[in-house]
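The values are calculated or read from the model by the stated rules, or taken from the named source; none is laboratory data. Only a predicted model underlies this, so the values are computations on that prediction, with no experimental measurement involved. Here Cβ is always computed from backbone atoms with ideal geometry, including for glycine, and neighbour counts include all displayed protein chains. For accessibility, only protein heavy atoms count, side chains too; no ligands or nucleic acids. Shrake-Rupley method; radii C 1.70, N 1.55, O 1.52, S 1.80 Å.
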Amino acid sequence: MRVVIVGAGFAGLAAADELNRAGAEVVVFEARDRVGGRVHSVEFAGAVVERGAEWVLPGHTKVEELARRFGLPLALKGAKYGDREPRGGDPVTREEILAAAERIRRLDPSGDGSIAQRLRELDLKPAVYEALVARISVSAGHPADDIGATGLAESGAAFGDFDCYTVAGGNQRIATALAEGLDVRLNEPARRIEWSDGHARVNGVDADAVVLALPAGTTTEIDFDPPLPDAKRRALEAVVYGQAAKLFVRLRAPALPSATMHVPGRFWCYTQLGPDGEPLPVLASFTGTAEAVERLEPARWAAALHDLRPDLDLDSDQTLHVTWHDDPWARGAYSARSVASPMDDEELQRPLGCLSFAGEHTAGDWHGLMEGALRSGLRAAAQLRRSDNSTD
C-alpha cells in the first residue's frame, strides 16, 4: 500500500509512522521548511521555548508513549497550567477559582448554550465569574460566550494543582523523531489532489490512499478533483480557530516557577524550570481571543507584564513575539467549539473514498492539543489499515 500524507505536523507524522511501521510505503509532503506544524521549539535567551503547543498535561498518554519510545525525557515545568493566580480585576483568590472549577466539573456538559451561559447558573461571585470567563476565553483563544457548553468537561479538566511537563529540549523533538527515516519532502505544499475510491495523485505521486493532516482552512484551499462533497466541505469550513499569541521576555535574574493571570487584560504569564531543574531566565506569556491578540502589541504587552509582575527583573530589550493567525499554513492557533459554528466531529473524521482526514480539529474531545493531533493521526492510519484489509 502506498500512502501520501499531506502535512508533517504531529497528526501527519503520527499517521505516517504508524503506516510505515505496518509496512506501507509512505511519502509525506510538507509546505514548511521544517516538520512539526504548530509545534515549533526555538532557542531564546539561552533556553528552549515553545512558539506553539507547549503543555503536556495529565492523561496525555500518546505524547508520553512517544517520548518514552524515542528516549526523550519529559521535564517538569514547575509552573501550573491549571492553577493561575488571578490579578488585575476585583479581588479573587486562587482558592475561590479552584473551588468554582470543582463546581464546573459537576455541571452537565450536554445541552445548548455557551460556557458563559452555563457558568451563570452557578450564581458565582462576580469577580469569580469574570476570572473564570477570562481564563476559559484565553485558554480557548475564543470568547467564552461563543464556546459550546459541551466544552465544560474540557475546561473543568484544565483547572487544578497538577504537575505539567514538556519534552526536554523542545516538543518539536517528537516530530523530528517521528520523521526520521521517512520520505518527508519539505517546501512542497499540496495544491491539487486527484482522487477516487482506490487511487489518488498528489504532486505527481500516485498513491492508494491519502491522509490529509492540515488545518481545516488549508484543506479547503486544495483543488480536489473531483471536488469534495458538500457535507465534507461544510464541516471543514465550519471549523472556527481560536486566536492566540505569546510573548517571551528575558529575565535578568531567573525566577522560581509561578503562574499569574491578568483578568481584565486577558493574558497570563509564567516562569518555569528548565530540564536541569533550575529556573529558566525567561518569562513566558500567552493571550487568547482575536481581540486580545490585536490589542496586545509587543511593547504594550511588555509594559503590562512589568506592571503585573514588578517582582521580576524583566529585560524588555530581549523579547520574542509569536502569532499564528498570520501564518499562511495555520491561520490560527487551534480549533474552538463555537456555538455559532459547531464542529461536526463525525463528518470531520469520516473517510472519503481513498481520503482520510486528521489534525487536531478532527480529534473530538482532544481537539486543540498535541495529544489530539497524535490521536487523530493514529485514527486515520487505523481507518486506512482497516480499509486495506477489507479489500485483501
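Computed values, structure above
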item: Kyte-Doolittle at least 1.0, axis length at least 20 Å by Cα - qualifying DSSP helices, the chain; result: 126-140
item: Mean ellipticity per residue at 222 nm, deg cm²/dmol - from DSSP H runs of n ≥ 4 across the chain, formula -39500 (n - 2.57); result: -9500 deg cm²/dmol
item: Ranked packing of 261-269, 187-195, most packed first, by mean Cβ within 10 Å; result: 261-269, 187-195
item: Charge context of R234, other residues only, Cβ under 9 angstrom, K/R +1, D/E -1; result: -2
item: Entry for percent of Cα pairs over 32 Å apart (calculated from the structure that is shown) out of [x] 42; [y] 53; [z] 34; result: [z]
item: Per residue solvent-accessible surface (Å²) - the chain, probe of 1.4 Å; result: 41
item: Charged-residue dipole, Cβ positions (Lys, Arg, Asp, Glu), the chain about Cα centre, Debye nearest 20; result: 260
item: Peptides 57-64, 101-108, 279-286, 225-232 ordered by average Cβ neighbours within 10 Å, highest first; result: 279-286, 57-64, 101-108, 225-232
item: Formal net charge of residues neighbouring E50 (Cβ-Cβ distance under 13 Å; K, R +1; D, E -1); result: +3
item: Of all accessible heavy-atom area on the chain, the percent that carbon and sulfur account for (1.4 Å); result: 48
item: Relative contact order [Cα under 8 Å, 6+ residues apart], the chain, whole percent; result: 25
